[in-house]
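Some notes on the structure that comes next.
The values are calculated or read from the model by the stated rules, or taken from the named source; none is laboratory data. Only a predicted model underlies this, so the values are computations on that prediction, with no experimental measurement involved. Cβ coordinates were reconstructed from backbone atoms using ideal geometry, including for glycine residues, and neighbour counts include every protein chain displayed. What goes into the accessible areas is simple: the full protein's heavy atoms, side chains included, and nothing from ligands, DNA or RNA. Shrake-Rupley method; radii C 1.70, N 1.55, O 1.52, S 1.80 Å.
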Amino acid sequence: MRGWLNRRDNDQFWAQAAAVCELYLRPPRNSVVICIDEKTGIQAKNRVRRERRAAPGRAARREFEYVRNGTVSIIAALHVATGQVIVEPIERNDSATFIAFPHQLDQCIDPRRRIHLIMDNGSSHVWQSHPLLAR
């Protein structure tokens, strides 16, 4: 069976995937590797009842019912080496919103460090030229 998300095997893809894995495993000296992506429409939920902790002879129990409290969309950056995550709520998922986020990150990172951004090719990630790309 072949679905719409399947792709033909491509040597260029595997070379790019290997380069990304190399960045994760062995980042260059004096650099920082950051993964960025958006998550839209996250449901904000609370359980109806609190979870009951496990006790000797009794398994923990978690209620399946929850109350919906709307949705939220975020953009997040993961610092690969430290696991630190920076999250910002977003109103719109467009390129202007996306470009503003790496710009904020750039202000927090030592200008002597080279920044490697890992991201998918989502439509909101389209940008022409950004000072962060020069680092």
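Condition check ((1) β-branched (Val, Ile, Thr); (2) closer than 30 Å to GLU22 by Cβ) across all residues:
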| site | (1), (2) |
| --- | --- |
| ARG61 | no, no |
| THR71 | yes, no |
| ALA76 | no, yes |
| GLY83 | no, yes |
| GLU91 | no, no |
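Any residue at all in region 114-135 that is at pLDDT 90 or above and not in a strand (DSSP E or B)?
no
From (1) touching a strand residue (DSSP E or B) at 6+ places or on another chain (Cβ under 9 Å); (2) farther than 28 Å from CYS108 by Cβ, pick out the condition that doesn't hold for ALA55.
Looking at each condition in turn, ALA55 falls short on (1).
Go through region 70-84 and give me each residue that's open to solvent by less than 80 Å² (accessible area, probe 1.4 Å) and among the β-branched types (Val, Ile, Thr).
Selection gives VAL72, ILE74, ILE75, VAL80.
ARG2 passes all but one of (1) at pLDDT below 90; (2) more than 17 Å from the chain's Cα centre (by Cα); (3) open to solvent by less than 80 Å² (accessible area, probe 1.4 Å); (4) not polar (S, T, N, Q); which number fails?
Against the list (1) at pLDDT below 90; (2) more than 17 Å from the chain's Cα centre (by Cα); (3) open to solvent by less than 80 Å² (accessible area, probe 1.4 Å); (4) not polar (S, T, N, Q), ARG2 comes up short only on (3).
Give the residues of region 42-69 that are under 30 Å from ASP120 (Cα atoms) and surrounded by 10 or more Cβ atoms within 10 Å (Cβ to Cβ), sorted by residue number.
Residues of region 42-69 under 30 Å from ASP120 (Cα atoms): 42-45, 68-69.
Answer for region 42-69, where residues must be under 30 Å from ASP120 (Cα atoms) and surrounded by 10 or more Cβ atoms within 10 Å (Cβ to Cβ): ILE42, GLN43, ALA44, LYS45, ASN69.
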